[in-house]
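Below is one structure; the comments refer to it alone.
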Amino acid sequence: QVQLVESGGGLVQAGGSLRLSCEASGRTFSIRTMGWFRQAPGKEREFVASTAWSGSFTYYADSVKGRFTISRDNAKNTIYLRMNSLKPEDTAVYYCAADRVELRGAVSGYEYWGQGTQVTVSS
């Protein structure tokens, strides 16, 4: 089993920045892909970004490309999502996800999920 805990969410004004963290625990040696998803009120969960744990690939949703950066710290079993130039439409609960196989691109079906952290961007 893998456990994921997100942190770093909060309230920020449009144009501001936040950095989300996701710490993995448990059988972290099995992780091959980690990603960020978000779900806004009344909308379905959507893909934001993902990375191979090895660092061999990264993917971003078109809506965040150029503004968000996914990174990792293997020593801390942690991934990050640096969010710059935040917009009100970025408001959502952000979820961390992990899987034991390589999942490339905007795909669903990740095996492990965190509880989410709220990001609210005011206009």
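Coordinate-derived values only; no laboratory data. Everything numeric here is computed off the predicted structure, so don't read it as measured data. Ideal geometry is used to build each Cβ from the backbone, glycine not excepted, and the neighbour counts take in all protein chains shown.
Residues in the range 1-29 that are part of a strand (DSSP E or B), within 11 Å of CYS96 (Cβ to Cβ) and not hydroxyl-bearing (Ser, Thr, Tyr): VAL2, GLN3, LEU4, VAL5, GLU6, LEU20, CYS22, GLU23, ALA24. Considering LYS87, LYS76, the condition of being of a type in the set (Lys, Arg) and closer than 17 Å to GLY26 by Cβ is satisfied by LYS76 alone. So is LEU103 closer than 30 Å to SER122 by Cβ and of a type outside the set (Ser, Thr, Tyr) or not? Criteria not met by LEU103.
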